[in-house]
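Each value in this text was obtained by applying a stated rule to the coordinates, not by laboratory testing. Bear in mind that the values here come from a model prediction, so they are computed numbers and not experimental data. Neighbour counts run over all protein chains shown; Cβ positions are idealised from the backbone, glycine included.
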C-alpha cells in the first residue's frame, strides 16, 4: 500500500472501502482522528500469536512484557497502520472485526446521543473542525 503524508493528516493512496450511507449516522467513517492521535495499547494476549487472540500480531509492537500497541500508534500522535483512507474525509479500519479492546471500547461521538470530548480533542490536534453536539436536533435530524 502506498501512502503520502501531509503533517499528521496523512492519506493512504488506497481509498477507504465501505464508506457510504452509514457516514451520516457514524462520524467515525469520515474522521479517523482517534486512530491517528492516541496510542492504542492492550494486553498482549489479544494478539493472534497468543492462544485465543484475534488482533493481527504483524500490526502490533511490544511496548512492555504485558502490553502491545497497534503499529504506528506506539509513540502516540501517529496514525495506526490498520487505518485506510484520508483523515477527516473517508476512512476505514482494515481489521475492524479484529480490532483490539481499546478500539472496541472507545465511544464514538454521538453514540447513545452523547458527545465524546476525546473525539473533538483528537480532531483539534489534527486541525479538523469539531463535530457538532449530538444532542442538537436541527433541520437534518431524523
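Assorted remarks:
- Cβ-Cβ contacts under 9 Å between residues 6 or more apart (or on different chains), taken from a first residue in region 64-83 that is free of Cβ contacts under 8 Å to residues at least 24 places away in the same chain and at positive phi to a second residue that is surrounded by 19 or more Cβ atoms within 10 Å (Cβ to Cβ) and assigned to a strand (DSSP E or B), are listed as 72/83.
- Selection from region 110-127 of residues that are in contact (Cβ under 8 Å) with a residue 60 or more places away in the chain, assigned to a loop (DSSP other than H, G, I, E, B) and either touching a strand residue (DSSP E or B) at 6+ places or on another chain (Cβ under 6 Å) or under 20 Å from residue 25 (Cα atoms) (or both): 110
- Within region 87-109, considering residues that are surrounded by fewer than 17 Cβ atoms within 10 Å (Cβ to Cβ) and without any contact (Cβ under 8 Å) to a residue 24 or more places away in the chain, the one farthest from residue 40 (Cα to Cα): 97
- Pair list, Cβ < 7 Å and 6+ apart or interchain, from region 24-46 residues that are at positive phi and in contact (Cβ under 8 Å) with a residue 40 or more places away in the chain to residues that are crowded, with 24+ Cβ neighbours inside 10 Å and part of a loop (DSSP other than H, G, I, E, B): 32/87
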